[in-house]
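K.L.:
Below: one structure in structure tokens.
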Number of protein chains: 4
Amino acid sequence: MTGSALIVIDMINRYEHPDAELLLPSARQAVPRIQHLLERARRGGTPVIYVNDNFGQWRSHHGEILETALDGPHADLVKPLLPDEDSLFVLKARHSIFFETPLSYLLGQLDVDHLIMCGQATEQCVLYSALDAHIRHLDVTVVRDAVAHLHRDLAEAALRMMEVNMSACIRSADAEDLPV
Amino acid sequence: MTGSALIVIDMINRYEHPDAELLLPSARQAVPRIQHLLERARRGGTPVIYVNDNFGQWRSHHGEILETALDGPHADLVKPLLPDEDSLFVLKARHSIFFETPLSYLLGQLDVDHLIMCGQATEQCVLYSALDAHIRHLDVTVVRDAVAHLHRDLAEAALRMMEVNMSACIRSADAEDLPV
Amino acid sequence: MTGSALIVIDMINRYEHPDAELLLPSARQAVPRIQHLLERARRGGTPVIYVNDNFGQWRSHHGEILETALDGPHADLVKPLLPDEDSLFVLKARHSIFFETPLSYLLGQLDVDHLIMCGQATEQCVLYSALDAHIRHLDVTVVRDAVAHLHRDLAEAALRMMEVNMSACIRSADAEDLPV
Amino acid sequence: MTGSALIVIDMINRYEHPDAELLLPSARQAVPRIQHLLERARRGGTPVIYVNDNFGQWRSHHGEILETALDGPHADLVKPLLPDEDSLFVLKARHSIFFETPLSYLLGQLDVDHLIMCGQATEQCVLYSALDAHIRHLDVTVVRDAVAHLHRDLAEAALRMMEVNMSACIRSADAEDLPV
């Protein structure tokens, strides 16, 4: 029997990249919903997988990334979303959660064929990741109020593209049928 | 200007998998040569990249993997080869160092186009990694006395395949022209 | 010295898939501009690469695909765009022009690092292909009046995503600086 | 229900590459066995997929490749193995039958999870293809007297590597349990 996993994209972040100012207001709204999703998933035993850009050196050491993010000016957006003992953690290069990462392999080991995506940014990594999941015949749900964007109009277009062209379900964080 | 990197394959290991007994005698011989290569690379400023199978949970935490290996019955084969502060670390799923890993991306960032490979097993991961490097138009040197095998005859055939069919250079750990 | 290639996406088509009615009006407008690009490219010696979904059997026989398309109800949209003797032809499975195709290899052989994209659909295969080109460090120009869409608003969002997030140039088919 | 396919690797060939002289004696022995496998597969309704290096221009036109091969000095090795109306045909860049080809996609469509491999060369493309099939969780049978090599000793090592390290079955062309 296959199941679902909660995928948290790029939320371990210092918010200091060039576009961060555009992202921050939306991230502030998404964080409590992601926190809520994390609580639901942990209570229900749904696997939680953080997939995150690396920053700093490539030492595949998520502790280092956490510290760097908690040391940054927006630690308040990171603290509520920290991985716990059971969280899985995958480093990505950039862009999609699948591009040059072991995520496919890990999903196979966990027997997961449905990804519940939250994180940022809606019209970039979330969109690219939904496409790569669709190509790999995985089901995708995007939690529309638990994803953060830089540009509202592009984010809305991205959500429609995921729904119409990639067969994704678009749900809110408090939807009762969310399998998390 | 592009350069070389020393690639250490699967040496952070508990040697408890089914075939470990076959591998151990050869690993014992390879370890001091890998240690020597590590010293040369660190002295000379050549980047060192550990690429290693994960064991245990996927938490992209090389500290965990190190502890697990140092806790095992063959810690003496792991201790001389520990990563230092500057070592890079990439987790692989299994098989090739490139298969579903960010190694390509990391090599691009480091401007590395020549891989000096050591580690194990010659006729498995080392062979598959040399093939994947060759397909990606990277140059490969295999350090023949710093790789460990399960079966001597297959290892010798693998070294010839790498030399004849994948244009790899085969050198010994004390070769003066080794760019490490 | 590296150069450009004109990429013609999915224009060898019977226009009989479920969404074809949405695509046809836009395709009718794009066809003469693509024809114009083909003429410019052929006069100027720019390589032309058709990348097209397969339909029917997998026999890697573009003749078969051409015949099937010319046999369809919309042959008038295919005839002006036929490959000539020098055209290259790559079959794709679906989605991106790079996903499980030899296009990367072919571009390497041609020493091409800049793709001038036209074809369909803007908010689907063109968008996904621009992303995959960007990930592979290739430059992309999208010819905005030589691409066809199903939904105008999604197509406009897709063009902005390509420009803002994937560093693509957006040009019209008669732009003088188009390197075709 | 899933099934098997017969995979014919690189047998549409002019045998004019630098190493062809080494390959020819072994190819001459393999051709009648491959012909026998083709007959069994066609009689039994097993899908037959030719996967072949391209030579000449990239026009994804297997007709061109057939003509070029039939025009060469070793047409007698190609004629007995020609594709028929039902044969599928996939062009590869070089090396593995999976590397930048749509073969995975095609196997998914055919619901095939077991590859029966014949062709050449045992210690190169056949070995690399068996590895890539194993990584993709496909079952592999290699028909040991229907594959051709350049070097006998490397071919024998390659067959053992496939059997021991990649879980391949090694069978002869007249084995009764060959699911072809």
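The values are calculated or read from the model by the stated rules, or taken from the named source; none is laboratory data. In this text, all values refer to a predicted model and were calculated from it rather than measured experimentally. Here the Cβ is made from the backbone with ideal geometry for all residues, glycine too, and neighbour counts use every protein chain on show.
K.L.:
If you check every pair at least six apart or on different chains, which have Cβ atoms under 6 Å apart with a residue in segment D:127-152 that is over 15 Å from residue D:11 (Cα atoms) first and a residue that is part of a strand (DSSP E or B) and among the charged types (D, E, K, R) second?
P.N.:
D:138/D:113; D:141/D:171
K.L.:
Residue by residue through segment A:160-180, note down the ones that are closer than 21 Å to residue C:129 by Cβ and buried (at least 21 other Cβ atoms within 10 Å of the Cβ).
P.N.:
A:161, A:162, A:165, A:168 - these are the residues of segment A:160-180 that are closer than 21 Å to residue C:129 by Cβ and buried (at least 21 other Cβ atoms within 10 Å of the Cβ).
K.L.:
With the requirement that a residue be buried (at least 18 other Cβ atoms within 10 Å of the Cβ), under 13 Å from residue B:93 (Cα atoms) and more than 7 Å from chain B (Cβ to nearest Cβ), what does segment A:99-117 give you?
P.N.:
A:103, A:107
K.L.:
Now for a different question. Would you mind stating whether residue C:104 is at pLDDT 90 or above and assigned to a loop (DSSP other than H, G, I, E, B)?
P.N.:
Values: at pLDDT 90 or above: yes; assigned to a loop (DSSP other than H, G, I, E, B): no.
So residue C:104 does not fit the description; no.
K.L.:
Could you grab me the full set of residues in segment C:86-98 that are more than 8 Å from chain D (Cβ to nearest Cβ) and at pLDDT 90 or above?
P.N.:
Matches in segment C:86-98: C:96, C:97, C:98.
K.L.:
So, one more: For residue D:76, indicate whether it is farther than 19 Å from residue D:162 by Cβ and at pLDDT 95 or above.
P.N.:
Numbers: farther than 19 Å from residue D:162 by Cβ: yes; at pLDDT 95 or above: yes.
When the stated conditions are applied, residue D:76 passes them.
K.L.:
Now a separate question. Answer yes or no as to whether residue B:46 is over 26 Å from residue A:67 (Cα atoms), among the polar types (S, T, N, Q) and in contact (Cβ under 8 Å) with a residue 24 or more places away in the chain.
P.N.:
On the way: over 26 Å from residue A:67 (Cα atoms): yes; among the polar types (S, T, N, Q): yes; in contact (Cβ under 8 Å) with a residue 24 or more places away in the chain: yes.
Yes, satisfied.
K.L.:
While we're looking at this one, here's another question. Among the residues of segment C:122-159, count how many are out of contact with any strand residue (DSSP E or B) (no Cβ under 6 Å at 6 or more places or on another chain), of a type outside the set (Ser, Thr, Tyr) and either in a helix (DSSP H, G or I) or closer than 16 Å to residue A:164 by Cα (or both).
P.N.:
17
K.L.:
Can you confirm whether segment C:158-178 contains a residue that is under 12 Å from the mean Cα position of the chain (by Cα) and more than 9 Å from chain A (Cβ to nearest Cβ)?
P.N.:
Taking segment C:158-178 as the starting set, the residues that turn out to be under 12 Å from the mean Cα position of the chain (by Cα) are none.
Within segment C:158-178 (the criterion being under 12 Å from the mean Cα position of the chain (by Cα) and more than 9 Å from chain A (Cβ to nearest Cβ)), the answer is no, since none of the residues qualifies.
K.L.:
Going by what's in this entry, would residue C:144 be described as surrounded by 17 or more Cβ atoms within 10 Å (Cβ to Cβ) and not hydrophobic (A, V, I, L, M, F, W, C)? Break it down into steps so the answer makes sense when it comes.
P.N.:
On the way: surrounded by 17 or more Cβ atoms within 10 Å (Cβ to Cβ): yes; not hydrophobic (A, V, I, L, M, F, W, C): yes.
Yes; evaluated as a whole, the condition is true for this residue.
K.L.:
Check whether at least one residue in segment D:73-88 is under 20 Å from residue D:34 (Cα atoms) and in contact with a His (Cβ under 6 Å, 6 or more places away or on another chain), and report yes or no.
P.N.:
No, there is no match, as no residue in segment D:73-88 is under 20 Å from residue D:34 (Cα atoms) and in contact with a His (Cβ under 6 Å, 6 or more places away or on another chain).
K.L.:
Now for a separate question. Can you tell me which residues in segment B:12-35 are out of contact with any strand residue (DSSP E or B) (no Cβ under 8 Å at 6 or more places or on another chain) and of a type in the set (Ser, Thr, Tyr)?
P.N.:
Within segment B:12-35, just B:15 meets the criteria.
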